[in-house]
């Protein structure tokens with residue numbers, strides 16, 4: 001069993017306090033991407049960082065910001081290492097991070113039942129159902145009726161503004177690749193939804 005020193009715990013807290021460059025309302029701790037900090041000498045440290053997806057363009061900015069913060073706190077050498085296994089998942093977003101997303105007008109990712117894998121269903125590329133309200137408990141983004149029947153109903157994405165579950169997908173991509181653009185049918189506000197991974 002690997003033990004964490006008090007200094008490593010403090011450095012982990014500092015690295016986690018860095019704001020996410022794409023979603024500055026979240027810290028890297030909220031996002032769950034800083035995995036570990038290991039001392040490599042009296043003033044040298046290695047940070048393990050898992051990107052939200054392979055090729056995430058924000059990794060360079062995250063690494064630079066972590067290096068800056070840890071150097072400001074006395075670390076002469078800071079190495080940020082990208083770790084791809086275990087892969088990051090939206091389940092790694094903390095409850096505090098989910099609260100911050102909701103309060104900033106972004107619907108947080110839905111939580112997986114029993115911590116299992118996210119179901120992937122391939123279907124038509126349309127973004128809106130043929131019926132304005134769609135079948136109860138389903139999301140047109142989840143795929144065809146056949147694939148929905150196999151995986152069960154999809155939990156609706158609640159509007160972060162009014163809480164209504166009566167929302168529709170407008171675009172699978174929004175301001176960043178990790179978010180989709182949705183609209184609430186109840187309050188008619190558009191909003192981003194942090195997609196489940």
Range of Cα positions in the stretch 6-88 per principal axis (Å), largest first: 32, 26, 20
Label-point separation, residue 25 to residue 42 (7 Å along Cα→Cβ), nm: 4.5 nm
Relative contact order (%) - criterion: Cα under 8 Å, at least six apart; region: the stretch 6-88: 30 percent
Rounded FRET efficiency, nearest 0.05, which uses the C-beta distance separating residue 99 from residue 3 and R0 of 41 Å: 0.85
Order by protection proxy (mean Cβ within 10 Å, highest first), peptides 178-184, 83-89: 178-184, 83-89
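Read-outs throughout are calculated quantities, based only on the coordinates presented, and are distinct from any laboratory measurement. The structure presented is a predicted model; accordingly, all values stated were derived computationally and were not measured. Positions of Cβ are backbone-derived with ideal geometry, glycine not excepted, and every protein chain shown enters the neighbour counts.
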